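The values are calculated or read from the model by the stated rules, or taken from the named source; none is laboratory data. Not measured: the values here are computed from a predicted model. Cβ placement follows ideal geometry from the backbone for every residue including glycine, while neighbour counts extend to all protein chains displayed.
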Protein chains: 2
Amino acid sequence: MTDDEQLGAGLGGAPEAPTGEVAPRRRSGGRAGHERSTLPPQRPWKQPRIPYRPTEVLSVDELESIHVASLRVLEEIGMDFLDEGARDLLKAAGASAEVGTQRVRFDPTMVEERIKTAPSTFTLHAPNPAHDLIMGGDWTAFGTVGSAPNVADLDRGRRIGNRADYQNLVRLFQMLNSVHFFAGYAVEPIDIHPSVRHLHAIYDVVTLADKPFHAYSLGRQRNLDALEMARIVRGVDEATLDSEPSIFTVINSSSPLRLDTPMLHGILEYSARNQVIVMTPFTLAGAMAPVTLAGALVEQNAEALAGITLTQVVRPGAPVIYGGFTSNVDMQSGAPAFGTPEYMRTAMIGGQLARRYNVPYRSSNVSAANAVDAQAAYESVFSLWGAIMGGVNMLMHGAGWMEGGLHAGFEKAILDAELLGMVEAFLDPVPVDEDALAFSAMQEVGPGGHFFGAQHTQARYRTAFHRPLLSDWRNYETWQEAGSPEAPGKANRIWKALLAAYEPPPLDPAIREELDAFVARRVEEGGVPTDF
Amino acid sequence: MTDDEQLGAGLGGAPEAPTGEVAPRRRSGGRAGHERSTLPPQRPWKQPRIPYRPTEVLSVDELESIHVASLRVLEEIGMDFLDEGARDLLKAAGASAEVGTQRVRFDPTMVEERIKTAPSTFTLHAPNPAHDLIMGGDWTAFGTVGSAPNVADLDRGRRIGNRADYQNLVRLFQMLNSVHFFAGYAVEPIDIHPSVRHLHAIYDVVTLADKPFHAYSLGRQRNLDALEMARIVRGVDEATLDSEPSIFTVINSSSPLRLDTPMLHGILEYSARNQVIVMTPFTLAGAMAPVTLAGALVEQNAEALAGITLTQVVRPGAPVIYGGFTSNVDMQSGAPAFGTPEYMRTAMIGGQLARRYNVPYRSSNVSAANAVDAQAAYESVFSLWGAIMGGVNMLMHGAGWMEGGLHAGFEKAILDAELLGMVEAFLDPVPVDEDALAFSAMQEVGPGGHFFGAQHTQARYRTAFHRPLLSDWRNYETWQEAGSPEAPGKANRIWKALLAAYEPPPLDPAIREELDAFVARRVEEGGVPTDF
């Protein structure tokens, strides 16, 4: 593949060429060459694998201490389950539900036995099969920012979430090849009434994009709507959906040691349908969890094990992911901190725990920065270091997460796409064969020569190295003559170029018709009743 | 130790309290409390260790292929040694020197046997013994930027190197506890005539600071002067200097496959005196080395092995460090690129090679960025990821390196001090004991509570987490009211506060007198003759 072909193949997430698979849906039209040339270079879409041994922060014995302490918490303190149905199920499965309260306590053996049925690896199906993702093993996948209430860019600053920005972020993430799935609403589309927000927002993500997606667990009816839309967009029947995980939902415990009603309904309804639960305690050390990292991890692990146990009680074999989200707070202000040395180590220990239980692992790319400056970059790369060397399978908030999750950033999305692309290249194997060892090239060039003109170089230079999306490698004088631009300005131009070149992925007209009809009917019915 | 005490102990590199050792030289005066309070928080000075298993990018077999190919390069192609004395020594030791040329070829067995005498671990002695560093094993140490021709800060922009800036950078790095040694002139003091530059520049580094330092190998007389100044400042005799490595010099090969005259003199004179050689090929893939990473590493390894062999021929047991500095070029412009995915992997493989030869490993914290923006941060953290997970023992250019080494930055020095401090905290062990597991704290707080007020939290919160130097964790509104500051502006205030609070480390008057006299005499003699 020549360099220009690679550039072309990398655009717009066109999955056909790079994966070598036959895509089921074709683009309606080609893109003119001159349009392509204005777009930044990207690697082709490809799900990466992590070839490196994960970093083990804790010894086997230390890890076991966390495990044993978590089981003790579940046995002696227990957790509050704010749903009677969930409590009844757990009780029938051998847990001890305290009469007249919401407290459930777990026998350690029950937990250890139940979690064994959780699958170590499964496929998360995408609307476009070429974008299917494997969850587990050494596979990894990078998601978008999710759930930010605000959105920001350089031109218009920070503002409340809205559907226009939400849609543009969906389009942008569809265009970015290093973004593999949608991790919730990149920004909350506040201007859609909550009664029907899920219908429109899911409609947007499945019509403007074709990568795997998330739906929020906000009550039974919304769950059913999301499951039905996942079925429709994949063009499959109920039985197929039931055998093929096609949507995921993040379940956050209300730490410490509590699972609230909508979250429990999410587990009950998604697990029953064999869809993916990402069980993620949000255990901020010093706030919702003990101030010691080991203590916060014990709490995280207890809550995760309780949630995973429930998924397997609901349906043995239901896909579930162990989510780690332990960080620390700024003890001066109480503000959550991200990408810290504490975060890095808990991200890695979270991976150790998930591997101990033989389930896929979720971590995140996070930053507390308010601006797309050095801090935004270093907190993100430190997060990625923790996640990748922790053996992450599902990276939430991979692109665009700012301000501790309080805003989604267009420029940060591009910065993160650069970081994720670099991480993907870092995960590429280094070929070591006769050709790569280059003895004859060194013989040709000899002491004191140079390799620019060597045949060995000429034959390889176009594709030898990762090409940056954002980095500015011009010399100082040229850069200064160009006005001393910094990263955010270039990121601003890149996301605009990508949006300008965006075109929606092809969608079978019958599927679109069925989606349109479903959303129209459900909106007509009023969606999900609210009291406002 | 209370939080305030920790803050105080962290200032100015005061090594006494945190290490618990008796410092041999005392400060002349204390520092007032109100001055302390304006200074940013720092960890106490402490040499870190890397508790994590290094990442192995190559398999044992692949690593062996690099090794074998390097030996083949040295045997069949050979290297040019631009000094007759070095060639004679190598010939006497069994190498084959081609008559009438500078080419030397090495028998593989000779190389393998000779390098065995290089020590795996040694101490690099500092002017202040409390700042001694162990090189090797799981010990790591972070150095300053070295050898930049230009210097920059936000106030005065970029300018040619000069002594005033050089001295201020020495003062600043003395104040930064995460900076453990001086890796050459942070910026070249161009305004000192080259005949006497080494005398004044070394005088500055040993009087304004007391951490281990580097001298350049620029001919026999300068080497002798540097060794004598290292002896004087430590207050030891020649025999002690000869048994205690007290200064280091970086030897760069003129890749491909050539060692020039001053570099060879450096090896001959420093190794003969049992001082430290950091043998570092500068192998840019696609320029001075093959375009393939494996090929560039074969060249790096061949040159490193040749240099290490020479150190051991000169003096078996002489301390030597394996330097890895393989990166790639931008194939569009030919400009060197740093902190790339290629850099990360070669940094890690360099560590694998150094461990194979059982010698300490040197890597670097590098960036091609022109401004202290997101790019400067992410290229640096990716470099650190490669270095730390590569098991680096000596991190050159740890703080302040910008623009591919073409300028030293005051604000970048602070950014890097933040990154290095975070890395140090990341390397801290996570305690896992009864207390840290916090079962009783969770019992006290219970489901749905919070830990802010818990006794377990109150007893620990002041020192529980790493405190950032630069990161701004204020909420968006507060941050915006403060004028939406970004990282470089805060870094600017921090280095000024540190310089304002700087005071020189104590120096025995007799030692100062001897240094003064030595420099005066050598300056009087004209230093080292130049032709201008």
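Things to note:
- Residue check, A:Leu63 more than 14 Å from chain B (Cβ to nearest Cβ), of a type in the set (A, V, I, L, M, F, W, C) and touching a helix residue (DSSP H, G or I) at 6+ places or on another chain (Cβ under 7 Å): no
- Qualifying residue in the range A:309-321 (condition: of a type outside the set (S, T, N, Q) and under 25 Å from B:Phe465 (Cα atoms)): no
- Enumeration of residues in the range B:207-234 that are of a type in the set (A, V, I, L, M) and surrounded by fewer than 24 Cβ atoms within 10 Å (Cβ to Cβ): B:Leu208, B:Leu218, B:Leu224, B:Leu227, B:Ile232
- Single match in B:Pro40, B:Pro15, B:Pro44 (criterion: modelled with pLDDT of 50 or more, away from every other protein chain (no Cβ under 14 Å) and surrounded by 14 or more Cβ atoms within 10 Å (Cβ to Cβ)): B:Pro44
- Among the residues making up the range B:466-499, those that are in contact (Cβ under 8 Å) with a residue 40 or more places away in the chain and hydrophobic (A, V, I, L, M, F, W, C) are B:Leu469, B:Leu470, B:Ala487, B:Ala491, B:Ile494, B:Trp495, B:Ala497, B:Leu498, B:Leu499.
- Residue ranges of helices (runs of 4 or more DSSP H) in the range A:135-234 with at least 3 members in contact (Cβ under 8 Å) with a residue 40 or more places away in the chain, acidic (Asp, Glu) and in contact with a Ser or Thr (Cβ under 7 Å, 6 or more places away or on another chain): none
- Residue within the range B:423-431 that is of a type in the set (Asp, Glu), at pLDDT 95 or above and either over 24 Å from the mean Cα position of the chain (by Cα) or within 30 Å of A:Ser253 (Cβ to Cβ) (or both) present: yes
- Note on the range B:301-338: among residues that are hydrophobic (A, V, I, L, M, F, W, C) and assigned to a strand (DSSP E or B), the one that is farthest from the other protein chains (Cβ to nearest Cβ) is B:Ile321.
- Matching residues in the range A:340-367 - criterion: being among the basic types (Lys, Arg), more than 7 Å from chain B (Cβ to nearest Cβ) and assigned to a helix (DSSP H, G or I): A:Arg355, A:Arg356
A quick yes/no check of all residues on (1) more than 7 Å from chain A (Cβ to nearest Cβ); (2) closer than 27 Å to B:Ala164 by Cβ; (3) not charged (D, E, K, R):
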| site | (1), (2), (3) |
| --- | --- |
| B:Ala369 | yes, yes, yes |
| B:Phe382 | no, no, yes |
| B:Met402 | yes, yes, yes |
| B:Glu411 | yes, yes, no |
| B:Ala417 | yes, yes, yes |
| B:Gly449 | no, no, yes |
| B:Phe452 | no, no, yes |
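- The set of residues from the range B:371-405 being small (Gly, Ala, Ser), under 27 Å from A:Ser484 (Cα atoms) and not in a helix (DSSP H, G or I) comprises B:Ala371, B:Gly398, B:Ala399, B:Gly400.
- Among residues of the range A:428-444 that are within 11 Å of B:Gly295 (Cβ to Cβ) and more than 7 Å from chain B (Cβ to nearest Cβ), those with a beta-carbon under 8 Å from a residue that is in a loop (DSSP other than H, G, I, E, B) and not small (Gly, Ala, Ser) at least six positions away or on a different chain give the pairs A:Asp435/B:Thr292.
- On inspection, A:Glu112 does not qualify as more than 24 Å from A:Asn274 (Cα to Cα), out of contact with any Ser or Thr (no Cβ under 8 Å at 6 or more places or on another chain) and of a type in the set (Asp, Glu).
- Test: residue in the range B:396-407 that is at pLDDT 95 or above, crowded, with 24+ Cβ neighbours inside 10 Å, under 21 Å from B:Asn301 (Cα atoms) and of a type in the set (A, V, I, L, M, F, W, C): yes
- Just one of (1) away from chain A (no Cβ under 14 Å); (2) touching a residue at least 24 places away in the same chain (Cβ under 8 Å); (3) out of contact with any Ser or Thr (no Cβ under 9 Å at 6 or more places or on another chain) fails for B:Ser96. It is (2).
- Restricting B:Ala126, B:Ala69 to those that are in the same structural domain as B:Asn358 (by TED's automatic domain parsing) and not in a helix (DSSP H, G or I) reduces the list to B:Ala126.
- Filtered residue count, the range A:66-82, keeping only those that are more than 8 Å from chain B (Cβ to nearest Cβ), within 20 Å of A:Ile115 (Cβ to Cβ) and touching a helix residue (DSSP H, G or I) at 6+ places or on another chain (Cβ under 7 Å): 6
- Residues of the range B:470-485 that are within 15 Å of A:Arg158 (Cβ to Cβ) and of a type in the set (D, E, K, R): B:Arg474, B:Glu477, B:Glu481.
Here's the yes/no breakdown for (1) out of contact with any helix residue (DSSP H, G or I) (no Cβ under 9 Å at 6 or more places or on another chain); (2) surrounded by 24 or more Cβ atoms within 10 Å (Cβ to Cβ); (3) not β-branched (Val, Ile, Thr):
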residue: B:Ser243; (1), (2), (3): yes, no, yes
residue: B:Arg258; (1), (2), (3): no, no, yes
residue: B:Ile267; (1), (2), (3): no, yes, no
residue: B:Pro281; (1), (2), (3): no, yes, yes
residue: B:Ala289; (1), (2), (3): no, yes, yes
residue: B:Glu299; (1), (2), (3): no, yes, yes
residue: B:Ala302; (1), (2), (3): no, yes, yes
residue: B:Leu305; (1), (2), (3): no, yes, yes
residue: B:Thr309; (1), (2), (3): no, yes, no
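- Single residue of the range A:371-380 satisfying the filter (under 13 Å from B:Phe382 (Cβ atoms) and at the interface with another protein chain (Cβ under 7 Å from one of its Cβ atoms)) that is surrounded by the fewest Cβ atoms within 10 Å (Cβ to Cβ): A:Tyr378
- Within the span defined as the range A:172-190, every residue fails to be more than 24 Å from the chain's Cα centre (by Cα), under 27 Å from A:Leu241 (Cα atoms) and of a type in the set (Val, Ile, Thr).
- Inspection of the range B:76-97 finds a residue satisfying the criterion of being within 28 Å of B:Ala387 (Cβ to Cβ) and assigned by TED's automatic domain parsing to the domain that holds B:Gly351.
- Condition check for B:Gly317 on (1) surrounded by 23 or more Cβ atoms within 10 Å (Cβ to Cβ); (2) modelled with pLDDT of 95 or more: one failure, at (1).
- Filter result for B:Met110 (aliphatic (A, V, I, L, M) and assigned to a helix (DSSP H, G or I)): yes
- B:Ala296 within 20 Å of B:Ser120 (Cα to Cα), small (Gly, Ala, Ser), within 14 Å of another protein chain (Cβ to nearest Cβ) and in a helix (DSSP H, G or I): no
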